[in-house]
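Engineer: The structure's right below; bear with me while I get my questions together.
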Amino acid sequence: MKTLTPAIPQAELHTTESWQQTLANVVRQPDELFSLLKLDKTTLPAAIAACKDFPLRVPRSFVARMKTGCVDDPLLKQVLPLGAELDYQPGFTDDPLGELDSNPIPGLIHKYHGRVLLIVSGGCAINCRYCFRRHFPYQDNNPSRAERQQMLDYLRSDPSIQEVIFSGGDPLAASDQLLSELVRDIAAIPHITTLRVHSRMPIVIPQRITEQCLQWLTDTRLNTVMVVHCNHANEIDDHVHQSLRQLNEAGITVLNQAVLLAGVNDDAESLIALSKALFTAGTLPYYLHSLDKVKGAAHFQVTEPRAKALIDQLLNQLPGYLVPKLVKEVAGAGSKTPI
Ligand SMILES: *Cc1c(COP(=O)(O)O)cnc(C)c1O
Ligand code: SF4
């Protein structure tokens, strides 16, 4: 019989920090990031300028997974502010998905049949430079009690809703107390069968997967799905691996979504290594998203023919279940659109 994955003893992780402390203690100053990684500081003024548009934010344990002195590191590229972000690029806009117009009530997005997205926390542990939410008028705070009641009323009033997706920002930036209350209230609505959590936290701050978190995820009648967000195999260190396995072993369906990013993972070797590392950690690839055309992210773009060619290479080298679905978001479409 397989032995279950134990929680990693704190001592072994060289940290006694809680996830809340780690979240509060992220790197925010470009100068510090450059120093920690011993980067050449000639591009520092441009990085500082780009931060005025979208701040730098990166957990220290994520920085520790990067290679020192290497501007091409695939993890660094996801968070490093660049002067190029400020260049005008035709077709790249503030709200490429038109989400600002599709909120029937604050914090709730109902675009697809049967599934509703709840913004349960505006904050993220990490600021990914390619993020389509980078220009959203988010605040770091959680929804108020009144807003939560409004969301629940909406869910109760529409029997076609079967699945509730916790989103953000990063929903796991909210407290386990708030999340467990919300799960309890959602589980009391008979037509809802499934709870899904979309979070990058198990990847960037793996100690977020606490006993308490596993408790509200499993102590419910709802089916539970965790969709994590990991773009490169180097993001999966031992601690991330253990956290993903813990989720999997708790009976949660664990899936990954990645974004196809030039210079980060736009080669077959990186995508294959990612699928394999995820699978070893009990996680299946779900979506590979084509970049949303958000202002400031044009340098990450990969063309569609190139993206399709990469998927063909994966199909040739991996079992079908390790090949993610290549999709893009089309404003107004009823689902993610296959490419
Ligand atoms: C992506 C997304 C979902 C979930 O779609 P799936 O294809 O079920 O993963 C739901 N609502 C919104 C608004 C989304 O963007
Ligand atoms: S964690 Fe997700 S929502 Fe947050 S900045 Fe990164 S891509 Fe955007």
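The values are calculated or read from the model by the stated rules, or taken from the named source; none is laboratory data. Bear in mind that the values here come from a model prediction, so they are computed numbers and not experimental data. Because the Cβ atoms are built from the backbone with ideal geometry, glycine has one as well, and the counts that use them run over all protein chains shown. Quick note on the areas: whole protein, heavy atoms, side chains included, nothing else; ligands and nucleic acids left out. Shrake-Rupley method; radii C 1.70, N 1.55, O 1.52, S 1.80 Å.
Engineer: Within the stretch 275-301, how many residues are more than 16 Å from ligand 1 (Cβ to nearest atom) and within 13 Å of Q313 (Cβ to Cβ)? Step through it out loud before you land on a result.
Structural biologist: First, pick out the residues of the stretch 275-301 that are more than 16 Å from ligand 1 (Cβ to nearest atom): 275-282, 295-301.
Cutting the leftovers down to within 13 Å of Q313 (Cβ to Cβ) gives us 275.
Number of matching residues: 1.
Engineer: May I ask you to list the residues in the stretch 23-51 that are over 13 Å from V71 (Cα atoms) and among the β-branched types (V, I, T)?
Structural biologist: V26, V27, I48
Engineer: Do you know which residues across the stretch 229-287 are within 16 Å of ligand 2 (Cβ to nearest atom) and among the charged types (D, E, K, R)?
Structural biologist: Passing the criteria: only E235.
Engineer: Then there is this: Would you confirm whether any residue within the stretch 173-195 is closer than 24 Å to C124 by Cβ and either of a type in the set (F, W, Y) or within 11 Å of ligand 2 (Cβ to nearest atom) (or both)?
Structural biologist: yes
Engineer: For the structure I just gave you, tell me whether Q149 is out of contact with any helix residue (DSSP H, G or I) (no Cβ under 6 Å at 6 or more places or on another chain) and either surrounded by fewer than 18 Cβ atoms within 10 Å (Cβ to Cβ) or at positive phi (or both). Give the steps one after another, and end with the answer.
Structural biologist: Working: out of contact with any helix residue (DSSP H, G or I) (no Cβ under 6 Å at 6 or more places or on another chain): yes; either surrounded by fewer than 18 Cβ atoms within 10 Å (Cβ to Cβ) or at positive phi (or both): yes.
When the stated conditions are applied, Q149 passes them.
Engineer: Scan the stretch 303-310 and give yes if some residue there is hydroxyl-bearing (S, T, Y), modelled with pLDDT of 95 or more and more than 19 Å from the chain's Cα centre (by Cα), otherwise no. Give the steps one after another, and end with the answer.
Structural biologist: Within the stretch 303-310, the first condition is being hydroxyl-bearing (S, T, Y), and the residues that meet it are 303.
From the residues that got through so far, the ones that are modelled with pLDDT of 95 or more too are 303.
Still in the list and also more than 19 Å from the chain's Cα centre (by Cα): 303.
Scanning the stretch 303-310, I find at least one residue that is hydroxyl-bearing (S, T, Y), modelled with pLDDT of 95 or more and more than 19 Å from the chain's Cα centre (by Cα), so the answer is yes.
Engineer: Moving on. Pick out, from the stretch 238-339, the helices (runs of 4 or more DSSP H) lying fully within it that include 1 or more residues that are touching a Gly at 6+ places or on another chain (Cβ under 6 Å) and surrounded by fewer than 18 Cβ atoms within 10 Å (Cβ to Cβ). Outline the logic, then answer.
Structural biologist: Values: elements: 238-249, 268-280, 304-317.
Output list reads 238-249.
Engineer: Next question. Cβ-Cβ distance below 9 Å, separation of 6 or more or different chains: which pairs start in the stretch 177-190 with a residue that is within 23 Å of P159 (Cβ to Cβ) and end on one that is open to solvent by 20 Å² or more (accessible area, probe 1.4 Å) and of a type in the set (S, T, Y)?
Structural biologist: V183/T220; R184/T220; I186/T220; A187/T220
Engineer: Kindly provide the set of residues from the stretch 216-247 that are of a type in the set (V, I, T) and farther than 28 Å from A262 by Cβ, ordered by number. First the steps, then the outcome.
Structural biologist: In the first step, residues of the stretch 216-247 are kept if they are of a type in the set (V, I, T); the result is 218, 220, 224-225, 227-228, 236, 240.
Result: T218, T220, T224, V225.
Engineer: Taking into account only those residues within the stretch 172-188 that are of a type in the set (A, V, I, L, M) and in a helix (DSSP H, G or I), which is nearest to L23 (Cα to Cα)? Working first, answer last.
Structural biologist: Residues of the stretch 172-188 that are of a type in the set (A, V, I, L, M), as a first pass: 172-174, 178-179, 182-183, 186-188.
From what's left, in a helix (DSSP H, G or I): 172-173, 178-179, 182-183, 186-187.
Values: L172: 11, A173: 8, L178: 17, L179: 17, L182: 22, V183: 23, I186: 27, A187: 29 Å.
Ranking the qualifying residues of the stretch 172-188, first place goes to A173.
Engineer: Restricting to the stretch 199-231, count the residues that are open to solvent by less than 20 Å² (accessible area, probe 1.4 Å) and within 15 Å of the chain's Cα centre (by Cα).
Structural biologist: 15
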